[in-house]
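Taking it in order: structure first as structure tokens, then the write-up.
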Amino acid sequence: MTATSTAKLIDHSLSAARQIVQECAQIIDDGPFSPSSSPRHDASQRKRAPPKVDSMAKSRPCGLEGCEEPLIELLSRQASRILQLYESSVAETGFRDSNDDGNIVSGVEREKAISLVKRRLDVVTKTAYGKFYAYLYKEVPTCWRQLYTDAAILKFALLVLLDFDHVTEAGEEEEEEEEEEERRLKRERIVDQMVKTLDLSLILAGAAGESRGRRWVDGAFGLLEDVLWDINSAATVPAAGGEKKDDDEHGGERPQKKQRLSPSLETKDQGNEQVSDNWQNTPSFSTHEPFTPPVKNPIRRVSADSFSIEEFQSHFSLPRADGGPGPAPLIITGLADHWPAVTTHPWNKPAYLMSRTLSGRRLVPVEIGRSYVDEGWGQKIISFGEFLSKYIDSSIPFTPSSSDVSPFLSSSSAVHPEPASSDQLLEEKKKQIAYLAQHPLFLQLPRLRSDILIPDLCYTAPPLHPTDPSQDQPEVDSPQLNAWFGPPGTITPLHTDPYHNLLVQVVGRKYVRLYGPEKTRKMRPRGKEGGVEMGNTSGWDLGVEEGWDAAEEERKETGEGKKEDKVEEREKEEVNSERGREEDFKKVPFVDCILEPGDTLYIPIGWWHYVRGLSVSFSVSFWWN
């Protein structure tokens, strides 16, 4: 760890701690206290998914004023203790606080003091997060989200202090190889905790706060990457006389291979210009497709090279071929061909994505299950590296405490062997599906945001909803971006979006089927389910109706006889009626397509659409109106 990068990270952390002490003191001194008002809806509405980052960030910031005074005082005390711990680290003088925690310069007492601060910060974050469940996520008061974020920032600062202590101790004396490896692993664990702490503040609390918030968190991640880069660089460069540098904690196990990530990291402050294309020699995601549906009613395609923004604006007024209301879907080919995500920063390369997520450490929320309307579907937050290794490609090496992505960098194979064997196909069917779906990933990972461009087509003026004015939303200031990344077999069931949508296919292929807004009644829209409005989602399981997927009952049962028994238990009239509705649904006109890398599908507002990942697939959606 170089003095410069470490000092910047420490200064960043201390600055936040000082701000928190000052703001808390001002709030307490100003009084009287006004705790946040209680929610206006009942407890039945409290269960919900973790809030999305983008929607949380839009709430008007109001500081910590609405939180309870004891919590603000507790937060302030921990910020003060962290500042004192830093001072005692540098000055090597004793400190004794009002709670008589003892001398915290070194040894056991210092470890106890650090542990106590950590426990109290955990109390603050748990208390703040507990308040979230009393509200719909869009209505969570900013004060509780900022309280969570500030406590997370202080915990990060405490972890930086732990790492600083760890490095200071490392320089005191020569170490045996085993001790050196133990110290390296300890650092890995501390860094993992740093990343987890800040990412949870982004995902769960939207990193709220005007003074710090998202800007501070993004800055901390950038500085942490600088520190890690310096560590890895130092580990590969011998000092004069052929001996290792003093700041080389990693020993001889991280030599030249790690340095091969340098083309990306060395240009991190240079935008997208002059970035090395070294990634082209690294392995790509598999393009294998376990199943490919037939395209029956192709959507019109135009080339981005010859299709102007004026022509796209005119498209909104063109009558549909089937005479239905509103504009028709359209595919613009080659729109993303020049994006860095396709060229110099290729998203189809696991090594590149790992390099942009702190070697896979960054956390992401994923959906677990075939479809969000299926029984047993759920969500969890895991590291990006675990997501890749466990759900996308099991050949990708990743362990939570390891940041070495060098195994990716072998140029011996550009892609994985294809096609897959029958045993592999069987294994794929058994494997649980995870989907990074409708997540504002580019707010959380700004480096990936620089790999894509907002299409000029998003700056047109599309029409309102053609059949239901109640579905129209207030005008958005800028397009809303979401990421969709997953293995073959991911499914987004038939649904509608509240905005016009440009779905850009960056990696892999997807099948999309669309039904016009005038067919809404035949889509069997769901109502409220578990207190959640599901009216924008169809009751039809398209994959089952087409015979591509087994029905949920079949997926649960292992024998056909059990399925027949279940059918016999139903009322014959109900079965016949349902079969009639199924036949009617199959007669409803639709259009469909397979999106190739670089393709962009325009989905007009109100159109029902079903999306199925055919291979490993990475898409970006742009909502606008």
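Has segment 513-524 got at least one residue that is without any contact (Cβ under 8 Å) to a residue 60 or more places away in the chain and assigned to a helix (DSSP H, G or I)? Within segment 513-524, one or more residues are without any contact (Cβ under 8 Å) to a residue 60 or more places away in the chain and assigned to a helix (DSSP H, G or I).
For the subset of segment 336-389 comprising residues that are within 23 Å of M194 (Cβ to Cβ) and in a strand (DSSP E or B), which member is nearest to the chain's Cα centre (by Cα)? Checked segment 336-389; the qualifying residue nearest to the chain's Cα centre (by Cα) is V364. When only residues in segment 344-403 that are under 30 Å from H495 (Cβ atoms), aromatic (F, W, Y) and in contact (Cβ under 8 Å) with a residue 40 or more places away in the chain count, which is surrounded by the fewest Cβ atoms within 10 Å (Cβ to Cβ)? For segment 344-403, the residue satisfying everything is Y372.
Note on segment 82-132: residues that are under 16 Å from A17 (Cβ atoms), in a helix (DSSP H, G or I), modelled with pLDDT under 85 and among the aliphatic types (A, V, I, L, M) amount to 1.
Among the criteria (1) modelled with pLDDT of 55 or more; (2) surrounded by fewer than 16 Cβ atoms within 10 Å (Cβ to Cβ); (3) polar (S, T, N, Q), the one S13 does not fulfil is (2).
Is it true that K155 is at pLDDT 95 or above and under 23 Å from E23 (Cα atoms)? Full working, then the answer.
On the way: at pLDDT 95 or above: yes; under 23 Å from E23 (Cα atoms): yes.
Yes; evaluated as a whole, the condition is true for this residue.
Residues of segment 133-142 that are surrounded by fewer than 24 Cβ atoms within 10 Å (Cβ to Cβ) and either at pLDDT 95 or above or not in a helix (DSSP H, G or I) (or both): Y133, A134, Y135, L136, P141. When E529, E533, E545 are checked against the criterion of being more than 21 Å from G326 (Cα to Cα), touching a helix residue (DSSP H, G or I) at 6+ places or on another chain (Cβ under 7 Å) and surrounded by fewer than 16 Cβ atoms within 10 Å (Cβ to Cβ), E545 stands alone in meeting it.
Of everything in segment 295-330 that's among the hydrophobic types (A, V, I, L, M, F, W, C), assigned to a loop (DSSP other than H, G, I, E, B) and within 34 Å of the chain's Cα centre (by Cα), which residue is surrounded by the fewest Cβ atoms within 10 Å (Cβ to Cβ)? Give the derivation first.
Pass one, segment 295-330, residues among the hydrophobic types (A, V, I, L, M, F, W, C): 295, 299, 302, 304, 307, 309, 312, 316, 318, 321, 328, 330.
In the following step, the residues that additionally are assigned to a loop (DSSP other than H, G, I, E, B) were identified as 295, 299, 304, 307, 316, 318, 321, 328.
Still in the list and also within 34 Å of the chain's Cα centre (by Cα): 295, 299, 304, 307, 316, 328.
Details: V295: 14, I299: 19, A304: 19, F307: 18, F316: 16, A328: 20.
Among those that are among the hydrophobic types (A, V, I, L, M, F, W, C), assigned to a loop (DSSP other than H, G, I, E, B) and within 34 Å of the chain's Cα centre (by Cα), it is V295.
Residue count for segment 519-537, restricted to those that are modelled with pLDDT under 90 and of a type in the set (A, V, I, L, M, F, W, C): 1. In segment 555-602, the qualifying residues are those that are of a type in the set (G, A, S) and in a helix (DSSP H, G or I), and the one that is modelled with the lowest pLDDT is G561.
On the stretch given as segment 126-151, residues that are under 21 Å from the mean Cα position of the chain (by Cα) and without any contact (Cβ under 8 Å) to a residue 40 or more places away in the chain total 0. So G489 fits all but one of (1) in a strand (DSSP E or B); (2) more than 24 Å from I332 (Cβ to Cβ); what number is the exception? Condition not satisfied by G489: (1).
The values are calculated or read from the model by the stated rules, or taken from the named source; none is laboratory data. Just so it is clear, the model here is predicted, and its values are computed rather than measured. FYI the Cβ positions are ideal-geometry reconstructions off the backbone, even for glycines, and counts take in every protein chain you see.
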